Amino acid sequence: MTRQKIPIYASLLVLLLASLVFAVTLGPANIAPIEVWQAIGHHLGMVETSPVSRLRDAIIWELRLPRVLVAAGVGAGLALCGAVMQALTRNPLADPYLLGLSSGASLGAVIFLLSGAALLMPLGAFIGAASAMTLTLLVARALGGATPTRAILAGICISSLAAAATSFLIFWSATGDSYREILSWLMGSLSGVVWNDAITVLVAVLAIGLPVLLSGRSLDAFAFGDSAAASLGVDVSRLRWLLLGATALLTGVLVSIGGAIGFVGLIIPHVVRLATGSRHRVLLPVSMLLGASFMIWTDTAARSLFAPRELPVGIITALLGAPIFLLVLLRYRRMT
Amino acid sequence: MTGLIVSGATVHAGGKTILDSVSLTAMPGQLTGLIGPNGAGKSTLMHAALGLTPLASGTINFDGQHLPAMPRRQRAQCAAFVEQSGSTESHLAARDVVMLGRIPFQSIWQSEPSPDDHAIVAQSMHIVGMAGLTDRLYRTLSGGEQQRLQIARALAQEPRLLILDEPTNHLDVHAQLSVLHMLQTRAKAGCTILLALHDLNLAASFCDSLVVLHQGAVVAQGAPEQVLTPALLRQVYQVDASLLADPITGRPLVAFHGPL
């Protein structure tokens, strides 16, 4: 078993690194992969003088690299959140977007933004995500128990409510360019991210992701429900609240920077499951690696397909994700 | 080795008393059957015995230790639970399901199951007669195979106390008999086994001792021939029935005539 797994990790790491470098080269300036390495080496102090011109260096280091890193972090984080939520709620359709967390996070972020606390947007997004998740789970329970369908219906309800409130706030307060900017961010867009965003995303993904990865085996215990997990020695309610809190926190950070990017958390874990099975000790890290590469490519497509115009990346993930969502629905039609 | 001793176990939920000072004993080496109509409190009693439902009062001792007060992992290393119908949408192979039983023994830093874990899983699957199906997806197995796999998962916990909720539910006759026969063998190997059963004739022919639960209280406990009487069946199940003797084993057989 171990022998099979190492090539998976190794090939996904190679794919991720190759995607990182290749995505940086794509775009109007015609940059070669070797220049990317030279620029990185120069900025990390490994190369004294860089042969890359200052303009091209700025494109690589200030413009494209932070964006590609944000994409990788957002993809890894969303895939992780999706996989964890699917396990905890025993709901194959769970995803930060479909359960309303993303819309809640957007609302929280917009409220903080409009009240002048732009720096605290991640906090607002976390509060929004956590409230939306709590409401969704409560509504699902009020509908008579958190079955996948009820959870999704509850998610749609909460999501619409949050989206309506967000739209109202924007309509009421934003003008001209800022209107367009906020709208594009709401649809999920990584345009204009800077190094600070990249650092925030990567720190959040690592600091929240690593402890979550360690709980993988306990997540396996949830396969047959709460009391089965408890009888295997898992502290069910503590683990559930800790992990749901962690996903809300991570979703909040990701949304505050990249907006509500849908379906990544849904489709990546499902694709990975087909290849590796449901054991979370493998599923979670593999989903993160694949999610990172996936997001780099969709974001690269978003900024290059119709260049110089840029699409919100959320449109592309939705375009790819919605059909896969349908396939998942068909596959689990017995239980929904 | 004193087995499972429940004394005065009381559970309240939603302002109602679900278990009312329940006392019972399940000895090692025996199959102890828990019978009673729906809503009698069988599942609550089993959950309480495993520490999954808190007791309002009373004690549940196993081999001298108060089970509800034991650390979770330690408890999961000696007591295993098989639920009524284990269903999952997870993409788990049969072997993965049985490997869940090793969770209480694995450290959080351990990335892969140890060779010991693999050996115990293989042995547990062999005991339930599923050794040939290790790679099959759980969802594609029949109800009887899934049930046997759940029991193998419980056996992988190397339990000294095994608690099963309706392990014969939804199984055909052959599967019912083979599950109960397998449990008898485990009991003879020294395990304490408490199982809830709906089918009184299966309970009478396989269990060494029966505990009758009615409206949250124990109304009888003892050998099947002592416990199962027309009067008790009237009182607890509201049915009219006669007791016969199995022509070969001499065990009690219930012949039902109708509801009261």
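FYI, it's all coordinate maths here, none of it is from the lab. Bear in mind the structure is a predicted one, so any value in this text is a computation, not a measurement. A quick note on method: Cβ atoms are made from the backbone with ideal geometry, for glycine too, and the neighbour counts reach across all protein chains shown.
Here B:ASP116, B:ASP208, A:ASP235 are placed in order of increasing Cβ neighbour count within 10 Å, fewest first, which gives B:ASP116, A:ASP235, B:ASP208.
Potential lengthening of the chain between B:SER111 and B:LEU137 amounts to 7.1 nm, from the contour at 0.36 nm per residue minus the alpha-carbon distance. Here the protein assembly as shown has an Rg and Dmax of 28.8, 99 Å, counting Cα atoms alone. Estimated at 0.36 nm per residue, the fully extended path between A:PHE171 and A:ALA29 surpasses their Cα-Cα distance by 47.4 nm.
Placing R0 at 22 angstrom, the Cβ-Cβ distance between A:SER11 and B:HIS118 gives a FRET efficiency of 0.30 after rounding to 0.05. Across peptide A:227-240, the mean count of Cβ atoms from other chains lying within 10 Å of each residue's own Cβ comes to 6. The slack in the chain from B:ASP246 to B:ASP63, taken as 0.36 nm per residue of separation less the alpha-carbon distance, amounts to 62.4 nm. Counts of other chain beta carbons within 10 angstrom of each beta carbon in peptide A:215-226 average 5.
Annotation for A:ALA275 and A:LEU183: the two label points, set 7 Å from Cα along the Cα-Cβ direction, are 3.8 nm apart. If you take each beta carbon of peptide A:280-289 and count the beta carbons of other chains within 10 angstrom, what is the mean? Mean inter-chain Cβ contacts per residue within 10 Å come to 1. Cα-based values for region A:2-331, radius of gyration first and Dmax second, are 19.9, 66 Å.
Rounded to the nearest 20 debye, the dipole size of region B:87-158 about its Cα centre is 200 debye, using +1 on the Cβ of Lys and Arg and -1 on the Cβ of Asp and Glu.
Simple spin-label estimate for A:LEU214 and A:HIS43 gives 3.1 nm between the two label positions (7 Å along the Cα-to-Cβ direction from each Cα).
Can you give the FRET efficiency for A:ILE315 and B:THR10, using 1/(1 + (r/R0)^6), R0 = 60 Å, r = Cβ-Cβ distance, to the nearest 0.05?
Calculated transfer efficiency: 0.55.
Ranking B:ASP172, B:ASP20 by Cβ neighbours within 10 Å, fewest first, what do you get?
Lowest count first: B:ASP172, B:ASP20.
Between B:HIS126 and A:ARG238, the modelled label-to-label distance comes to 3.7 nm, taking each label 7 Å out from Cα in the direction of the beta carbon. Our compactness index for chain B, the C-alpha radius of gyration over the empirical 2.2 N^0.38 Å, is 1.02.
Applying both filters, DSSP loop and at most 12 other Cβ atoms within 10 Å, to the GluC sites (Glu not before Pro) of region A:1-73 gives A:GLU48. Loop-located chymotrypsin sites (Phe, Trp or Tyr not before Pro) in region B:83-153 (DSSP state not H, G, I, E or B) with no more than 12 neighbouring Cβ atoms inside 10 Å: B:TRP109. Going from the fewest other Cβ atoms within 10 Å to the most, the residues B:LYS16, B:LYS42 appear in the order B:LYS16, B:LYS42. The angle between the Cα long axis of helix A:2-25 and the longest principal axis of the Cα atoms of chain A comes to about 40 degrees, rounded to the nearest 10.
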